[in-house]
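Have a look at the structure below before the remarks.
Coordinate-derived values only; no laboratory data. Here the structure is a predicted model, which is why all the values come from computation and not from measurement. Quick reminder, even Gly has a Cβ in these numbers, built from the backbone with ideal geometry, and neighbours come from all protein chains shown.
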Amino acid sequence: MRFDILTIFPEFFAGPFDYGIVRRAREASLTEIHVHDLRRYTHDRHHTVDDRPFGGGEGMVMKPEPFFEAVEDLFGEPASEARCAPQTSIVLLSPSGPLFRQQTAARWAGLERLVLLCGRYEGIDERVAKHLVNEEISIGDFVLSGGELAAALVVDAVTRLLPGALGNAASALRESFAVSAGEPGVFPPAGGILDCPQFTRPRELRCWQVPEVLVEGNHEEIRRWRRRQALAKTLRNRPDLLECACLEEEDRSILAELRAGKSRTP
Ligand code: SAH
């Protein structure tokens with residue numbers, strides 16, 4: 001899979017892709033990450049990428065032309081054609097987009113090419129959103145000072161879903177938010193809820209013990225305990241996820257118990 005990142009701060013990306021799974025995916029040629037300096041697509045002496053907003057107001061707005069020219073240069077065709085390239089999405093990082101979710105990462109992991117446009121200042125001339133990109137995406141309900149951190153986050157979340165990127169492919173099926181079908185009988189589907197708590201050695205840390213069930217070796221008990229913990233954590237921290245989760249009958253009765261328990265607590 002190929003990522004192209006358009007930014008006025010290309011040096012920002014010296015680092016985030018040099019560790020762990022993303023580094024290994026690059027070394028194994030599962031991904032190529034190309035970072036492009038938007039200032040190369042300016043034509044004045046000062047390489048101007050921003051200008052004052054029409055209509056007045058605070059701050060500066062990023063000019064649209066460098067984005068259009070950069071995309072046209074990358075694809076070797078007019079923006080209108082580039083926008084229809086198969087197996088490709090041109091994405092604008094923006095706090096006004098729909099939220100980036102695990103499902104978004106999974107959908108993009110099925111593409112061959114993802115182009116990520118990073119804004120700065122007060123944002124980007126709206127014609128980029130309207131006529132150049134395929135989608136806008138926000139990484140959360142907060143405002144960053146630039147799209148670079150958001151782009152790095154997207155590359156990371158998508159890369160680890162590429163076939164072969166994770167040491168153990170099954171782990172992606174069970175982690176938080178995973179909605180894939182799982183392998184019946186081996187790894188039950190996570191169903192879109194949070195992951196269960198994990199423990200490793202030492203068995204006792206200060207006075208805190210690892211839950212007994214995890215060291216007793218009864219796999220069915222462990223599975224039930226983990227499911228209950230995952231549901232309890234989701235109910236506590238992200239009850240919104242339960243509205244769309246794929247729940248089994250067993251999950252529903254665990255949740256009913258948990259809710260009843262909660263309502264009894266003073
Ligand atoms: N004035 C804008 C904020 C611009 S922030 C507003 O109020 O909506 C500058 C740039 O940072 C944006 O163009 C975008 O590329 C990036 N950015 C900021 N917050 C983001 C978020 N939550 N998700 C993705 N990109 C974000």
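The long axis of helix 249-264 is offset from the longest Cα principal axis of the chain by roughly 80 degrees.
Going from the fewest other Cβ atoms within 10 Å to the most, the residues CYS246, CYS118 appear in the order CYS246, CYS118.
When the charge dipole of the chain is built from unit charges on Cβ atoms (+1 for Lys and Arg, -1 for Asp and Glu) and taken about the Cα centre, the candidate among LEU194, THR31, ALA172 whose Cα reaches farthest toward its positive end is LEU194.
Taking the fewest neighbouring Cβ atoms within 10 Å as the starting point, the ordered list for VAL35, VAL143 is VAL143, VAL35. Each of HIS46, HIS131 was scored by other Cβ atoms within 10 Å of its Cβ. Arranged with the fewest first, they read HIS46, HIS131.
Classify the range 1-141 as rounded, prolate or oblate from the Cα gyration tensor: take a ≥ b ≥ c as the square roots of its eigenvalues, call it rounded if a/c is under 1.5, otherwise prolate when a/b beats b/c and oblate if not.
prolate
For the pair the range 76-123 and the range 232-256, the centres of their Cα atoms are 32 angstrom apart. For the range 97-177, which chymotrypsin sites (Phe, Trp or Tyr not before Pro) are both in a DSSP coil and crowded by at most 13 other Cβ atoms within 10 Å? Qualifying residues, ordered by number: PHE142.
Axis of helix 219-237 versus longest Cα principal axis of the chain: the two differ by about 50°, to the nearest ten degrees.
Taking 1.002 mPa s as the viscosity and 20 °C as the temperature, the Stokes-Einstein diffusion coefficient of the chain based on its alpha-carbon Kirkwood radius rounds to 101 µm²/s. Ordering of 205-211, 58-64, 4-10 by packing is 4-10, 58-64, 205-211, highest average first (other Cβ atoms within 10 Å, averaged per residue). Computed from point charges on the beta carbon alone (+1 for Lys and Arg, -1 for Asp and Glu), the dipole magnitude for the range 169-260 about its Cα centre is near 380 Debye. When the chain is treated as a GNM with alpha-carbon contacts under 10 Å, the residue of THR234, THR104, THR200 showing the greatest mean-square fluctuation is THR200.
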